[in-house]
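Below you'll find the structure, written out as structure tokens, and then a few comments.
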Amino acid sequence: MITLKSYLRGEWVEGQGAGATLVNPSTGEPIATTSTEGFDFGAAVAHARDVGGPALRAMTFAERGAVLKTLSKAIHTHRDALIEASILNAGTPRSDAKFDVDGASGTLAYYGSLGKRLGDARWIAEESEQLTQSARFFGRHVWVPLQGVAVHINAFNFPAWGLAEKLAVAFLAGVPVISKPATATALTTFRMMEVLVETGALPAGTLQLVCGSTGDLLGHLGAQDALAFTGSADTGLKLRGMHNVLSSSTRVNVEADSLNATVLTEDASDDTYQMFLRDVAQEITQKSGQKCTATRRVFVPASMIDRVQADVAERVDRVVIGNPAHKDVRMGPLATKQQLEDFRAGVAKLVAAGATVVHGSPTEVTVVDADASKGYFVGPVLLRADDPANAAAVHEHEVFGPCTTLMPYETADEAVELVARGGGGLVVSVYGDDRDVLAKLVLGLAPFHGRILMGSKKVADQAIAPGLVLPSCVHGGPGRAGGGEELGGERGLRFYMQRCAVQGDRALLDKFLG
Ligand code: NAP
């Protein structure tokens, strides 16, 4: 049995008591424990603010970026060990584990390069603007790092990328981090933190790790701090409603539930249709559908729905389910017993709302090299709701696993209206080849989403799937999706910085701010 430690104030520390138990989701067997009981979180926050913050603010963007590059390389060097940890504790086959681990090193490398581009500065100054008739009196907006700590709370589905993507942005902005992975899959994060600490590249106090409960950590947050959370809407609501967070206007960024959709149009060429099928099948099965960006609702022209149903079913049937360590397996179990129970209850909720299971089963699954009665396995489940306007739960309840609901629509306006019922999403994808229809969909859907992937024949063999989050594009969405924004290149840094309008003599502004 492994005991996970936390990394606080430059030391690996163990909590008291039995703590929480982590299991192998493929077998249900316990593999590790972790506890944070007895930790002094106030001292950890003070360490970040007093030691880590000043160290980071003394560094230029280029110097911070160089550290991120070192961290990225270290993760890449230890890639196989991290993938093994992910297979064991998150139940992810090698391909899914790579998606997480390579995403971590890739995002750190991207922000490392951005640091190099931002160069020797320590803040970001916008162009100056004339404020009055005077040719001397100008104003200039400058972005400077907050002087507190960034607390990052991550979900169970990306134990490596979750820490890295949030760290990359805060670190480059100049703010020290205390990161907390979801306890259930924290083994990969713990191993990754060992790798990061071993590099010796992290200045003291710039990164701390909490494996297990946060105790009273969040109660220490104040006006110069930031809280970035990924997980359920319920927890997000609880955290942003904390008294100290509200009373001191602590910055909060929430990535929560999202009923991501895809829309196929009638004019799609064969290449575009194949792209659509490939993406839908991937979004249902990759990471067993446990991705915040996975496609939960598929809208297709009413005349095409039977064909789409048969083609998607045929695609997902190709995916081998079972022991994630087996070379042929492409889909592992869900991450926890609770997720399996929630998945089954969620499918039942969609059925009660008027959807029908048209392929697969939430309770029966055939697995390779595993015992389906012990692990948290489930196969892809395809639902269909022929009256989407009267199936409210399909647009409101996110079933966090390998399932999606097919729905018909008649006009582009109706498709937009149905997608918008999701209440705000991280990503929507549209597939078609008629420019006017695509334009109508994109502009109609943009107010409700953080990102739109547009599939058409010219990019059919070049585009990424909608579930892939790139560091250069914004990740986040309005409404139900949490209202947050992460990544997006330089845009992501702003969450950790204060924008201040400085007014005065233009010559002095330019001299001071560069
Ligand atoms: P969760 O229960 O909200 O947990 C997310 C994170 O918050 C975990 O690190 C958890 O720690 C922590 N947490 C929970 N309560 C807390 C509290 N009172 N104070 C401080 N930290 C707290 O969500 P989940 O179990 O990971 O996933 C449940 C649902 O969230 C999914 O079914 C899905 O709908 C949604 N989800 C969304 C995304 C997304 O990116 N949008 C990603 C994953 C999941 P512990 O693990 O220690 O409890």
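Quick test for you: out of Arg421, Arg435, Arg491, Arg499, pick the one residue that is in contact with a Phe, Trp or Tyr (Cβ under 9 Å, 6 or more places away or on another chain) and open to solvent by 50 Å² or more (accessible area, probe 1.4 Å).
Going through Arg421, Arg435, Arg491, Arg499 in turn, just one is in contact with a Phe, Trp or Tyr (Cβ under 9 Å, 6 or more places away or on another chain) and open to solvent by 50 Å² or more (accessible area, probe 1.4 Å): Arg499.
Is it true that some residue in segment 160-173 is within 24 Å of Leu22 (Cα to Cα), crowded, with 23+ Cβ neighbours inside 10 Å and either at pLDDT below 95 or near the ligand (Cβ under 10 Å from one of its atoms) (or both)? Scanning segment 160-173, I find at least one residue that is within 24 Å of Leu22 (Cα to Cα), crowded, with 23+ Cβ neighbours inside 10 Å and either at pLDDT below 95 or near the ligand (Cβ under 10 Å from one of its atoms) (or both), so the answer is yes.
Conditions tested, residue by residue: (1) assigned to a strand (DSSP E or B); (2) under 25 Å from Glu398 (Cα atoms); (3) within 15 Å of the ligand (Cβ to nearest atom).
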residue: Asp257; (1), (2), (3): no, yes, yes
residue: Asp279; (1), (2), (3): no, yes, no
residue: Glu283; (1), (2), (3): no, yes, yes
residue: Ala294; (1), (2), (3): no, yes, yes
residue: Val298; (1), (2), (3): yes, yes, no
residue: Ala310; (1), (2), (3): no, yes, no
residue: Leu340; (1), (2), (3): no, yes, yes
residue: Gly346; (1), (2), (3): no, yes, yes
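The residues on offer are Asp271, Asp328, Asp311, Asp279, and the sole one that is open to solvent by 10 Å² or more (accessible area, probe 1.4 Å), touching a Gly at 6+ places or on another chain (Cβ under 9 Å) and not assigned by TED's automatic domain parsing to the domain that holds Asp80 is Asp328. Might you let me know whether segment 404-414 holds any residue that is within 16 Å of the ligand (Cβ to nearest atom), open to solvent by less than 20 Å² (accessible area, probe 1.4 Å) and closer than 17 Å to Arg296 by Cβ? Yes; the residues of segment 404-414 include at least one that is within 16 Å of the ligand (Cβ to nearest atom), open to solvent by less than 20 Å² (accessible area, probe 1.4 Å) and closer than 17 Å to Arg296 by Cβ. Scanning segment 224-239 for residues that are over 18 Å from the mean Cα position of the chain (by Cα), within 16 Å of the ligand (Cβ to nearest atom) and surrounded by fewer than 19 Cβ atoms within 10 Å (Cβ to Cβ) returns a single hit, Lys238. Restricting Ala393, Ala465 to residues that are modelled with pLDDT under 95, open to solvent by less than 60 Å² (accessible area, probe 1.4 Å) and among the small types (Gly, Ala, Ser) narrows the list to Ala465. Scanning segment 348-372 for residues that are over 16 Å from Val320 (Cα atoms), in contact (Cβ under 8 Å) with a residue 40 or more places away in the chain, open to solvent by 60 Å² or more (accessible area, probe 1.4 Å) and away from the ligand (no atom under 16 Å from the Cβ) gives a single hit, Ala352. Regarding segment 260-283, can at least one residue be identified that is touching a Phe, Trp or Tyr at 6+ places or on another chain (Cβ under 9 Å) and basic (Lys, Arg)? No, segment 260-283 contains no residue that is touching a Phe, Trp or Tyr at 6+ places or on another chain (Cβ under 9 Å) and basic (Lys, Arg). Within segment 415-434, the residues that satisfy the criterion of being farther than 16 Å from Val394 by Cβ and away from the ligand (no atom under 16 Å from the Cβ) are Val416, Ser429, Val430, Tyr431, Gly432, Asp433, Asp434.
The values are calculated or read from the model by the stated rules, or taken from the named source; none is laboratory data. Keep in mind that this is a model prediction, so the values were computed, not measured. As a convention, Cβ positions derive from the backbone with ideal geometry for all residues, glycine included, and neighbour counts pool all protein chains shown. Just so you know, the surface numbers come from the protein's heavy atoms only, side chains and all, with ligands and any DNA or RNA stripped out. Shrake-Rupley method; radii C 1.70, N 1.55, O 1.52, S 1.80 Å.
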